Amino acid sequence: MVKTENIDKAYEAAKQRYAEIGVDTEAVMKQLSKVKLSLHCWQGDDIHGFLFPGQELTGGIGVSGNYPGIARTPDELSGDLHEALSLIPGNHKVQLHAIYAVTDKKKDLDELEPEDFKYWVDWAKQEKIGLDMNGTFFSHPKVVDNFTLASPDKSIRDFWIEHGKRSRAIANYFGEELGQQSVNNFWIPDGFKDNPIDKATPRLRLIDSLDQIIDKKYDEKNTIEAFEGKLFGTGIESYTVGSHEFYQNYAISRGKIWTIDAGHFHPTEDVSDKFSAYFPFGKGLMLHVSRPVRWDSDHVVIFDDALIRITRSLVRDNELSKTNIGLDYFDATINRVAAWIIGARATQKALLQAMLAPIDQLKKDELNFDFTQRLAETEELKSYPFGAVWDKFCEINNVPVGLDWMNNIRQYEKDVQFKRDTKNSVTV
């Protein structure tokens, strides 16, 4: 266990070092404490949900690994989320998908009601957290030939339109009950495997479907819609109806927000460069922090160069107040609760390091074309003792410092996860 006196000693030295370049570490920690991350519930159960037990994952989504202790019930999943939240500094949110409804009635996606999520609202009140929402437009018999809202079949479109309307009502319920805005994210898998003749008509159908979904007005203090594009997906390699450009334009034109998933772009694209190009026109951003390896493989987020660039861009351009940061990955090769903690803490570390910089001075150097000073200082900052500030941030938020949180996870595995009936676990 890391000793308090060692944490304090290292922090005081770091505090002085940063003060020498005009950075107030106390103010930075207060700034970081205001940033809420939205943990994705589907990391805990490999995206199975509770609405359709045993249903196979489709839509280009797959989870690898069969680490023991998968959550199979609402109580197990909420218990795992509680454990994760207790080891992540700060106060945060949880993202749900429609398939995580908790109901004793057999319902389809177009029949869901706010009451089917009362379990989660009651739990969120106990945890003192917010909830975000996602409609589930995959792993369903009515995803026909990889089409939902853009389907040429009106009956298919109508089913998914109704589901979209229901998801908005549920998100509004979250906002009303929990007193904080619920972001309702829309991602659909529609597209073609090979080259289509008509690229325009599916997009016109999608516009019409989305317009019907968002026709009813909800108070934005309760909920707002976000629309998530994708470069391509498994089975739709040649044409994605809901491309990045499509949803960026749709969000701007409808007064909604755009979702950028870090794994949904070409591997050579710098996702962070897109923020400043979008914000002068857009209302806000939903960011899905993921880690693509090769492409959209949804590895657990780590403190890597891509994440550092993302957080630096948000901090340096003062865009955090307009950005909702959610995690989005799934890995069943490791402890699923640990995966939440590793990704969340990595994201917070990247935000902290970005904040621990004399940003105003660096911008002044740049404005004066003093690129020598800019380069020298940004390089020197890389070896500044931000880790000592991170340890202090964890301490003041009453969560374990360093690797001490792994002791909690090993105990949780022993006491809870490894006692679950593995015969009923699903191996994917």
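Look at (1) over 17 Å from the mean Cα position of the chain (by Cα); (2) under 20 Å from LEU231 (Cβ atoms); (3) among the hydroxyl-bearing types (Ser, Thr, Tyr) and you find that SER297 fails only one, number (1). Cβ-Cβ distances below 6 Å connect the following pairs, each with a first residue in the range 65-86 that is closer than 15 Å to ILE409 by Cα, a second residue that is of a type in the set (Phe, Trp, Tyr), and a separation of six or more residues or different chains: PRO68/PHE418; GLY69/PHE418; GLU83/TYR412; ALA84/TRP340. Exactly one residue out of LYS283, LYS274 is outside any helix (DSSP H, G or I) and either more than 24 Å from ASN249 (Cα to Cα) or not polar (S, T, N, Q) (or both), and it is LYS283. In the range 153-162 there is no residue matching the filter, namely being touching a strand residue (DSSP E or B) at 6+ places or on another chain (Cβ under 7 Å), touching a residue at least 24 places away in the same chain (Cβ under 8 Å) and either closer than 16 Å to GLY242 by Cβ or part of a strand (DSSP E or B) (or both). Count of the range 181-228 residues, restricted to those that are without any contact (Cβ under 8 Å) to a residue 40 or more places away in the chain and touching a strand residue (DSSP E or B) at 6+ places or on another chain (Cβ under 7 Å), is 0. Within the range 299-345, the set of residues being hydroxyl-bearing (Ser, Thr, Tyr) and in a loop (DSSP other than H, G, I, E, B) comprises TYR329, THR333. Applying a threshold of 9 Å to beta carbon distances and a minimum spacing of six or more residues, or different chains, the list of pairs starting in the range 358-371 at a residue that is more than 19 Å from LYS15 (Cβ to Cβ) and ending at one that is part of a loop (DSSP other than H, G, I, E, B) and among the acidic types (Asp, Glu) reads LYS364/ASP370.
Does ASP75 meet the test of being assigned to a helix (DSSP H, G or I) and acidic (Asp, Glu)? Let's see the steps before the verdict.
Details: assigned to a helix (DSSP H, G or I): yes; acidic (Asp, Glu): yes.
Yes: the conditions hold for ASP75.
Specify the residue that is surrounded by the most Cβ atoms within 10 Å (Cβ to Cβ); the eligible residues are those in the range 245-277 that are among the hydroxyl-bearing types (Ser, Thr, Tyr) and over 19 Å from the mean Cα position of the chain (by Cα).
In the first step, residues of the range 245-277 are kept if they are among the hydroxyl-bearing types (Ser, Thr, Tyr); the result is 247, 250, 253, 259, 268, 272, 276.
This time we only want the ones that are over 19 Å from the mean Cα position of the chain (by Cα), so: 250, 253, 268, 276.
Values: TYR250: 22, SER253: 10, THR268: 5, SER276: 13.
The extreme case among them is TYR250.
Every test in (1) more than 17 Å from VAL35 (Cβ to Cβ); (2) in contact with a strand residue (DSSP E or B) (Cβ under 7 Å, 6 or more places away or on another chain); (3) buried (at least 23 other Cβ atoms within 10 Å of the Cβ) is passed by GLY242 save one, and that test is (2).
Residue-level check: of (1) more than 22 Å from the chain's Cα centre (by Cα); (2) at pLDDT 95 or above, HIS92 misses just (1). Among the residues of the range 108-154, those identified as basic (Lys, Arg) and surrounded by 15 or more Cβ atoms within 10 Å (Cβ to Cβ) are LYS118, LYS142.
The values are calculated or read from the model by the stated rules, or taken from the named source; none is laboratory data. Please read these numbers as outputs of a predicted model, since none were measured by experiment. Ideal geometry is used to build each Cβ from the backbone, glycine not excepted, and the neighbour counts take in all protein chains shown.
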